[in-house]
Amino acid sequence: MINSVRGFKDIYGKEAKVWEKLEKRLRESFSLWGFEEVRLPILEKTELFQRSIGDTTDIVEKEMYTFLDKSNESVTMRPEGTASIIRFLNEHKLYGPDKILKFFYIGPMFRYERPQKGRLRQFNQAGVELLGDSTPYAEFEVLSLMDNFLESIGIKDRMLFLNNLGCPLCRQQYRKTLLEYLEQNHNLCEDCIRRKNTNPLRVLDCKSETCKETIKNSPKILDFICENCKNHMAKLEELLKMCKIQYQIDPYIVRGLDYYVKTVFEVHAKGLGSQSAILAGGRYDNLSKDLGGYDIPAVGWALGIERTVLLLPENFIEEEYLDIFFIYFNERAEKIILPPLNNLRKKGIKVSYDPSKGSLKSKMRKADKLKSRYVVILGDDEISNGVFILKNMNLGKQITLPLEKLENLEKEI
Ligand SMILES: [Zn+2]
Ligand SMILES: [Zn+2]
């Protein structure tokens, strides 16, 4: 037998129903906030991610599913959605003066990481991107959407962590200071020794224990940001407080992608162990321009679907039930039952039946298993008398009705 690839999995049964409902609720919220869906391709040119996410990031260095296609073009299964949104926006020339664009996507992403709880190699994200607004209202829009959505699906034990990475103007000074600090014989892992010169901020994002110690005492970005960046952050905090959206400042959030400026954030939830981030994002005003496209400010986030599913309350999906289960025993009864049964389905009534040669007892057990609210029984005696039995399973009571009533049975239940 051939099994699935490590880090890839099938979703079925109750879990598939949870996913379906979660996606439905996401779409409802996105639409309420005015975001429109984009169905992005899974495969993109490798260059798109190298130039956007950054050459020195873990994602690009180690985790991408990159291969040559049959015409020797290097392609990559998307590791995230933002770069594709920017590519899409420019390719279709969707931006114009004073335009604000709001897009969302839902779908699988691919990263070659060590599989663990809530982290697979094919994982799913739902993301929003708000483009064309350089003010803190853009952050407020996507963060209020996040807060309302997570609250509405019952993820209560969560916290929004906020940071400001500065703009290209003020980040230079921080970079210099951080690099000086890192070079004063502080312990760093091999990766960080190599990449600290190309991008010292990457070290802040490192998960190795050696680096974590070093990071603890490192200079903090918030002490270096310029007036403009400070004001931006202050206004955002004011808006969040106004609407009672809880947050904490965390000066060590840098995110694993190079394209962020100013605002970055993560939402962590209790119940996931060490990998507790369920949503993350930030501002990326220069990404489009850097890729040769529009000069367009942008903010976005992505939610991890697998991790969110792990946190959903037990009663997130209602129990499935059936409206009516039909019990009969021969072809004579079948001729009477199937045409009205088929019509009930057309009317949206959820029905089922069992054409096998089982006993009444075994068929009743089946009705129980399917959580049927009503059962119709049509035995030979009933046919002779021109009637059928309708049993209310919740009350345990049954009535006898004339066969004509089968036609509009929805009126009897
Ligand atoms: Zn700045
Ligand atoms: Zn490191």
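Between Met242 and Met159, the FRET efficiency estimated from the beta carbon spacing at R0 = 25 angstrom works out to 0.85. Please go through the residue pairs Lys335/Lys397; Lys117/Lys369; Lys361/Lys405; Lys62/Lys196; Lys17/Lys371 and name each one whose alpha carbons sit more than 23 Å apart in this structure. In this structure, Lys335/Lys397; Lys117/Lys369; Lys361/Lys405 lie more than 23 Å apart at Cα.
Taking the inverse of the mean reciprocal distance over all distinct Cα pairs, the Kirkwood hydrodynamic radius of segment 322-412 comes to 13.0 Å. Take the Cβ atoms of Glu61 and Arg175, set R0 to 25 Å, and the FRET efficiency comes out at 0.80. Ordered from longest to shortest, the equivalent ellipsoid semi-axes for segment 78-117 are 29, 10, 7 Å, each the square root of 5 times a Cα gyration tensor eigenvalue. The slack in the chain from Asn228 to Lys361, taken as 0.36 nm per residue of separation less the alpha-carbon distance, amounts to 40.3 nm. Please check which bits of segment 331-360 a label hung off Lys24 would reach, taking the label as a point 7 Å along Cα-to-C-beta and the cut-off as backbone N under 16 Å. Only 348-350 fall inside the zone, counting backbone N under 16 Å. Computed on segment 322-412, with alpha-carbon pairs under 8 angstrom and 6+ residues apart, the relative contact order is 32 percent.
Just the isolated ones, please: cysteines in the chain lacking another cysteine beta carbon under 4.7 angstrom. Isolated Cys, the chain: Cys167, Cys189, Cys192, Cys229, Cys243. Our note on the geometry: Cα centres of segment 14-32 and segment 311-367, 27 Å apart. Using the Cβ-Cβ distance between Ala16 and Asn392 with R0 set to 25 Å, the FRET efficiency works out to roughly 0.20.
Near the amide H of Ile249, within less than 5 Å, lie the amide hydrogens of Leu162, all on another chain or at least 5 residues away, with H placed in the peptide plane.
Of the trypsin sites (Lys or Arg not before Pro) in segment 62-165, the ones in a loop by DSSP (not H, G, I, E or B) with at most 16 other beta carbons within 10 Å are Lys70, Lys93, Lys99, Lys117, Lys156.
Across the chain, Cα pairs under 8 Å and at least six residues apart give a relative contact order of 15 percent.
Taking packing as the residue-averaged number of other Cβ atoms within 10 angstrom, the listed peptides 175-182, 144-151 run from highest to lowest as 144-151, 175-182.
For segment 170-180, 3J(HN,Hα) computed residue by residue from phi via the Karplus equation (6.51, -1.76, 1.60; θ = phi - 60°) reads 8, 5, 3, 5, 5, 3, 4, 5, 5, 4, 4 Hz, glycine and proline entered as x. Considered as an equivalent ellipsoid built on the Cα gyration tensor, segment 37-117 has semi-axes of 24, 16, 12 Å, the largest given first. For segment 101-199, the convex hull spanned by the alpha carbon atoms encloses 186 Å³ per residue. What the Cα convex hull of the chain gives, in volume per residue, is 214 Å³. The slack in the chain from Ser384 to Leu68, taken as 0.36 nm per residue of separation less the alpha-carbon distance, amounts to 106.5 nm. Label separation (Glu407 vs Ile336): 1.6 nm, computed from points 7 Å beyond Cα along the C-beta direction. A compact globular protein would have a Cα radius of gyration near 2.2 N^0.38 Å; the ratio found for segment 260-322 is 1.64.
Quick note: the coordinates plus some simple rules give every number you see, no bench work behind them. On a predicted model such as this, the values are computed, not experimentally measured, just so you know. Note that we place each Cβ from the backbone using ideal geometry, even for glycine, and neighbour counts take in every protein chain shown.
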